[in-house]
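Quick notes on the structure that follows.
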Amino acid sequence: MVPVDGSAWAESVIPLAARLAKANDAELLLAHVVPGPELTEARPYEAADLELRRQVVERNARAARAYLDRLRNAVAALDLRVRLLLVQGDDVRATLGRLICNEHADLVVLSARGHGLGTHADMPYGSVTGYLVAHCPTPILIVRTPDAPPVPATHAHSQDLRLPDLASA
């Protein structure tokens, strides 16, 4: 499975994922989560607010479907089985984690960064990648983008590592 968010960074892993899928005669899953739009309001939403939110979600779902179709067409020449997964969720990270588990993906291939590249460029990976590493039991292949700046050694803290639990004697 390849989670994509519309960024060139997320799409940059598709060729690698396609080669892995082809070599293993596997289906390539391209997944996108349409986030719910945020409306600023200090009180409960009114009917007009809810209608506006619904319209934005529908518009974004149409745009996401067209985006996934373009990606599928780009890999069509590789003679792969490609399936598109489009879901809506207010928490993109948790929704993606559930989707990965529900689809019983054998492997998740994703870029270390997506849309948030400019926000925390000094971090080795983005928040979605970090969330999936911490919460998803499926094996994850994280690919650093070729143009990503080197991560300073000060960010290689032990808190980023998951150590096995040791049995007490």
**Request:** Output the qualifying pairs, or none if there are none: Cβ atoms under 9 angstrom, residues six or more apart or on different chains, first residue in region 2-26 and in contact (Cβ under 8 Å) with a residue 12 or more places away in the chain, second residue buried (at least 22 other Cβ atoms within 10 Å of the Cβ) and basic (Lys, Arg).
**Result:** 7/113; 9/113; 10/113
**Request:** Could you tell me whether residue 24 is within 21 Å of residue 99 (Cβ to Cβ), more than 16 Å from the chain's Cα centre (by Cα) and surrounded by 13 or more Cβ atoms within 10 Å (Cβ to Cβ)?
**Result:** no
**Asked** Can you find a residue in region 66-82 that is out of contact with any strand residue (DSSP E or B) (no Cβ under 7 Å at 6 or more places or on another chain), under 27 Å from residue 137 (Cα atoms) and either surrounded by 13 or more Cβ atoms within 10 Å (Cβ to Cβ) or of a type in the set (Val, Ile, Thr) (or both)?
**Response** no
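Name the residue, out of 126, 116, that is under 14 Å from the mean Cα position of the chain (by Cα), of a type in the set (Gly, Ala, Ser) and modelled with pLDDT under 65.
116
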**Request:** Answer yes if at least one residue in region 50-61 is more than 24 Å from the chain's Cα centre (by Cα), aliphatic (A, V, I, L, M) and either closer than 22 Å to residue 8 by Cβ or part of a helix (DSSP H, G or I) (or both), and no otherwise.
**Result:** yes
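The values are calculated or read from the model by the stated rules, or taken from the named source; none is laboratory data. Remember, predicted model here, so these are calculated numbers, not experimental data. Cβ: placed from backbone, ideal geometry, glycine included. Neighbour counts: every protein chain shown.
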